[in-house]
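J.: Sending over a structure as structure tokens; questions will come in a sec.
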Amino acid sequence: MHDDSTLVQLRIRRFVEDSLRPAMYKASAPLSIGRWEAPGEPVPFEDAVRQAYTPFSTGQAWGKPWSTAWFHVTGTVPADWPVGGLFRPEVVVDLGFNAAAPGFQAEGIAWTPDGVILKAIEPRNQAVPLPVAAGDAIDLYIEAASNPDVSSNFTWTPTPLGDRATAGDDPIYVLRQVEIGLRDETVWELIQDFWTLDGLLRQLPAGLARRAGILRDLERCIDVMDPDDIAGTAEQGRQVLAETLARPANASAHVVHAVGHAHIDSAWLWPTRETVRKVARTFSNVLDLIDRNDDFVFAASSAQQYAWLKTHYPELFERVRAAVAKGSFAPVGGMWVESDTNMPGGEALARQFVAGKRFFMEEFGVEPLEVWLPDSFGYSAALPQIVAAAGSKYFLTQKISWNETNLMPHHTFLWEGIDGTRIFTHFPPVDTYNSELSARELARAERQYAEKGAANTSLVPFGWGDGGGGPTEEMIAAARRTASLEGSPKVELSSPRNFFEAAEAEYAEPPVWSGELYLEFHRGTYTSQARTKRGNRRSEHLLREAELWATTAAVRTGAEYPYAALEEAWHTVLLQQFHDILPGSSIAWVHQEAERNYAVVADNLHNLITSSVREVAGTGTGSVVLNAGPYVLNGVPALGGGAPIAQVGASVERTDAGIVLRNGLLSVTIDSDGLFTSVRDESAGREVLPAGSFGNLLKLYRDTPTQWEAWDIDEHYRRTGTELTGVDSIEVITDSPEIVGVRVIRSFGASRVVQDITLEAGSPSIDIDLRIDWHERRKLLKLLFPLDVHADRAASEIQFGHIFRATHANTSWDAARFETVAHRWVHVGEPGYGVAVANDSTYGHDIARETDDTGRSATTVRLSLLRAPLFPDPGADQGAQHMRVSLRVGAAIPEAIAEGYRLNLPLRTVDGVAEAAVDPLVTVDNPAVVVEAVKLAEDRSGDVIVRLYEAHGSRARARIIRSFEATDVIETDLLERALPESRVSLSTEGAALTVELRPFQLVTLRFRR
Ligand SMILES: [Zn+2]
């Protein structure tokens, strides 16, 4: 027969848009509108409802950026409407929605006059169904948030919209529609029939009979219907399609577990205060859907978001609690937020699970076992062990599908961490966390699924995401139609738990991926918004100190342990590890707030530390020097306090070559440009810098990523660097036998950097303190240390251990890792000799081996100090910046680890105490076994928790001696629950305990008191 299929497809589209959709409402009627605009920040319903509302009409502009308008909507359901059965009355609202994705624009939520939330009003979910009869009165309040579209369709245009101060005062929306409509359910269902079948035929190969069959059935459906009487012929049309919709799926069709979801970024192109409302809006939509669909399950992560709901929307929270109890609402992830996993420190990443799981268990009595991080920017190789230690079993993300270079070979696999722990992991092959269950997405999931032949199940998270309202009735309708439909994957409404159990059961020997899940994209997130990053690193270490000294005070003197204050500080720090805050990819508002929050955390923790130490040492007029680190420092015991041993022997000398700092271990020559021309390791008798090279070299690069500006550093930046060698001044600032130092000041562009370079007596490290007044735009500042070592690979600290990455670019995987993340230190070495570079607040690095013209190889460590992206915060990183860096010569991995702690946990002097030593609560006799946290138990029993890990990557036996009374000690998981059997060999003998650890093993000990 003649092929007219292209024409028929066009006819189908035209019919849907011109005839079907306009017939969805049998009737509609206008409603009266009153408006009140909240003067500043959002107000509670009780306040809003008491205000005077002025008449308003559609077509009028409303809402300056970030403001809130309340619309009071009243009217009557027309008395002659055939309400009920196949006709559903609903209020339909268009706040002036634009073409941007839901989540990046205005949104609303509907309240009854007595303050009960009905559901949200979203760009693609605009109706509020009402249980009313003909003639009934309608009375609603709509709280409308005029969130500006900061995304601008992701054109990366710098915008003032991300800061209230610069966002402007003109209204940005026009109210387009507020009316009551009578939805014709038969027409609505027919629209869904068309959407699924038309979508499916477009995915099927042209030569397939099934495709032609669907096409002809849709054509016959249009033929039997009367475009002038859609409502009257819709049922006939549906009957035509019934047979084609009833054809079962192929026996071997891919199986999709469709899980309702809404990716709600805890802050991003909006501040956290808006996320609070986004959570209420999305969850209210979900509760409405759950009421109508018994088998629908919605999965939501982030204890923080539930905690916001509990505080601000207690009535919704109780409804969520009921839905969790009946299994319709599934808390997943078990973390406080969907955090970044590259940068949070070990203890902080552990606490994401401790705080998150505690909330879910206490509030809902459920323990999520599925780690849910669909959107974070790469995944640390420490995570499998942390996940297992938290008692979780499964891991899910889809972000690695964003790789620029390499395609991950697996969708379902075992992910192996640095200690060998393996976690059952799934990457949804649909490659989105915002599916609408379209035929295109379902076909993509089936096509891309890499485990074909061995397994056949994948998960599809569906629902408008990024804060855009979640699943809709249309998506559930699509799931019902594709439950078993010839040509489509089989879609099953499901929960994450059901999916993982099914996927695990069908896949006996999944492949293994070992090591980090590096995201070949978004490499700028290790550096953007440096003050946020500094706040995180400093807060993590202050929390360690505060917990250690508060525990010491509680155990020694019975002082009250500040549970609530510590928990509050942790919750703040954990929230800000969210995957758009710590990575620096949020608007100005978010980062300004983060900096203020970190300042409050620092103040509170400083006070806690001081008061705890005064409890322990007694008040007086003396002072005590504390060492919160795991290693003895200047004679002050690890985890204790005492008088440091004064060391002497530092000297400074001016020579023809420049200023030379010496301490017997090291000689550092600083030339007239302020650059290191020689770093001589006197103990090893070895020059550390390659001949003719300069250490402590600042280099400024053009940093103009093609897209995702705050997120990305593109590889081409490397070709445009300028060495900053000009100096304003160089002077000796410290010259004592204890410490010598030089200050170098440079100006470049519109910026200025003050570097204090110091060398202490007895120290094998040079410390560099940088204070930078930064006013560049789209520039990347790096600090370079060329090192005369022949290193094949570099070690970088991660959580509870370290990983090695190649210093070459042999494979596409190595080449794509041109910018990498490290915590407190990196290390490069050759057999017998190595050097560590440590930092106190930065994360981005690149480390490469290069060979000079004479054929000599050297390894260069470059630290990424600052960026200045213009989107989404056009003022990112401007102003005062501070960071410290150190170069530790003659270091193997153990010395690198100690250097990281030294720089991040300097000795602390507390005044106003009696002169007394502070005895450590525990001592450890093997430097490979590192104490990461000392705290009191979460259950407030008073038990002491000590978290340790094996840091060298070796087997280690250590004696742990406690100096306090305890009845026994057990090994627990991160949540401080006894393990069924201890994985470490623990043997106790009085106050001494011997542990044997495997490489990188993480252990939590609970000392019962
Ligand atoms: Zn996200």
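J.: Can you pull out every residue in segment 506-541 that is assigned to a helix (DSSP H, G or I), in contact with a Ser or Thr (Cβ under 9 Å, 6 or more places away or on another chain) and either open to solvent by less than 20 Å² (accessible area, probe 1.4 Å) or free of Cβ contacts under 8 Å to residues at least 40 places away in the same chain (or both)?
T.: Matches in segment 506-541: Arg523, Gly524, Thr525, Tyr526, Ala530, Thr532, Lys533, Gly535, Asn536, Arg537, Ser539.
J.: Would you call Phe359 within 16 Å of the ligand (Cβ to nearest atom) and either open to solvent by 10 Å² or more (accessible area, probe 1.4 Å) or not in a helix (DSSP H, G or I) (or both)?
T.: Criteria not met by Phe359.
J.: Pick out the one residue from Arg856, Arg805, Arg849, Arg793 that is over 25 Å from the mean Cα position of the chain (by Cα) and closer than 21 Å to Gly953 by Cβ.
T.: Just one listed residue meets the conditions, Arg793.
J.: Follow-up. State yes or no: is Ser585 within 16 Å of the ligand (Cβ to nearest atom) and at pLDDT 95 or above?
T.: Yes; evaluated as a whole, the condition is true for this residue.
J.: Looking only at segment 258-280, how many residues end up being among the acidic types (Asp, Glu) and more than 14 Å from the ligand (Cβ to nearest atom)?
T.: The qualifying residues number 1.
J.: Please tell me if Asp681 is touching a Phe, Trp or Tyr at 6+ places or on another chain (Cβ under 8 Å), closer than 20 Å to Val861 by Cα, open to solvent by less than 20 Å² (accessible area, probe 1.4 Å) and among the charged types (D, E, K, R).
T.: Judged against the criteria, Asp681 is not a match.
J.: Mind checking whether some residue in segment 575-594 is within 28 Å of Gln385 (Cβ to Cβ) and part of a helix (DSSP H, G or I)?
T.: Yes, the conditions are met somewhere in segment 575-594.
J.: Only one residue in Ile142, Ile121, Ile109 is touching a helix residue (DSSP H, G or I) at 6+ places or on another chain (Cβ under 6 Å) and not in a loop (DSSP other than H, G, I, E, B), so which one is that?
T.: Among Ile142, Ile121, Ile109, only Ile109 is touching a helix residue (DSSP H, G or I) at 6+ places or on another chain (Cβ under 6 Å) and not in a loop (DSSP other than H, G, I, E, B).
J.: So which residues in segment 593-611 are acidic (Asp, Glu) and either within 16 Å of the ligand (Cβ to nearest atom) or under 27 Å from Leu269 (Cβ atoms) (or both)?
T.: Glu593, Glu595
J.: Could you say whether any residue in segment 379-395 is assigned to a loop (DSSP other than H, G, I, E, B), surrounded by fewer than 20 Cβ atoms within 10 Å (Cβ to Cβ), at pLDDT 95 or above and away from the ligand (no atom under 16 Å from the Cβ)?
T.: Scanning segment 379-395, I find at least one residue that is assigned to a loop (DSSP other than H, G, I, E, B), surrounded by fewer than 20 Cβ atoms within 10 Å (Cβ to Cβ), at pLDDT 95 or above and away from the ligand (no atom under 16 Å from the Cβ), so the answer is yes.
J.: Of a type in the set (Val, Ile, Thr), within 16 Å of the ligand (Cβ to nearest atom) and either at positive phi or surrounded by 24 or more Cβ atoms within 10 Å (Cβ to Cβ) (or both): which single residue out of Val590, Val624 fits that description?
T.: Val590
J.: Could you figure out which of (1) more than 16 Å from the ligand (Cβ to nearest atom); (2) among the hydroxyl-bearing types (Ser, Thr, Tyr); (3) crowded, with 20+ Cβ neighbours inside 10 Å isn't true of Thr311?
T.: It is condition (3) that Thr311 fails.
J.: In segment 153-188, how many are closer than 29 Å to Thr74 by Cα and open to solvent by 60 Å² or more (accessible area, probe 1.4 Å)?
T.: Qualifying residue count, segment 153-188: 6.
J.: Being outside any strand (DSSP E or B), crowded, with 16+ Cβ neighbours inside 10 Å and out of contact with any helix residue (DSSP H, G or I) (no Cβ under 6 Å at 6 or more places or on another chain) is the filter here, so list the residues in segment 66-91 that pass it.
T.: If the condition is that a residue be outside any strand (DSSP E or B), crowded, with 16+ Cβ neighbours inside 10 Å and out of contact with any helix residue (DSSP H, G or I) (no Cβ under 6 Å at 6 or more places or on another chain), then Trp66, Ser67, Val77, Trp81, Val83 are the ones that fit.
Residues are listed down the side, and each one gets a yes or a no for (1) farther than 30 Å from Asp149 by Cα; (2) of a type outside the set (Phe, Trp, Tyr); (3) away from the ligand (no atom under 16 Å from the Cβ); (4) out of contact with any strand residue (DSSP E or B) (no Cβ under 9 Å at 6 or more places or on another chain):
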position: Thr425; (1), (2), (3), (4): yes, yes, yes, no
position: Pro428; (1), (2), (3), (4): no, yes, no, no
position: Thr457; (1), (2), (3), (4): yes, yes, yes, no
position: Gly463; (1), (2), (3), (4): no, yes, no, no
position: Asp466; (1), (2), (3), (4): no, yes, no, yes
position: Ala478; (1), (2), (3), (4): no, yes, yes, no
position: Phe499; (1), (2), (3), (4): yes, no, yes, no
position: Glu516; (1), (2), (3), (4): yes, yes, yes, no
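The values are calculated or read from the model by the stated rules, or taken from the named source; none is laboratory data. Everything numeric in this text was worked out from a predicted model, so none of it was measured. Heads up, the Cβs are rebuilt from the backbone with ideal geometry, glycines too, and the neighbour counts pull from every protein chain shown. To get the accessible areas, we keep the full protein, side chains included, count just its heavy atoms, and leave off ligands, DNA and RNA. Shrake-Rupley method; radii C 1.70, N 1.55, O 1.52, S 1.80 Å.
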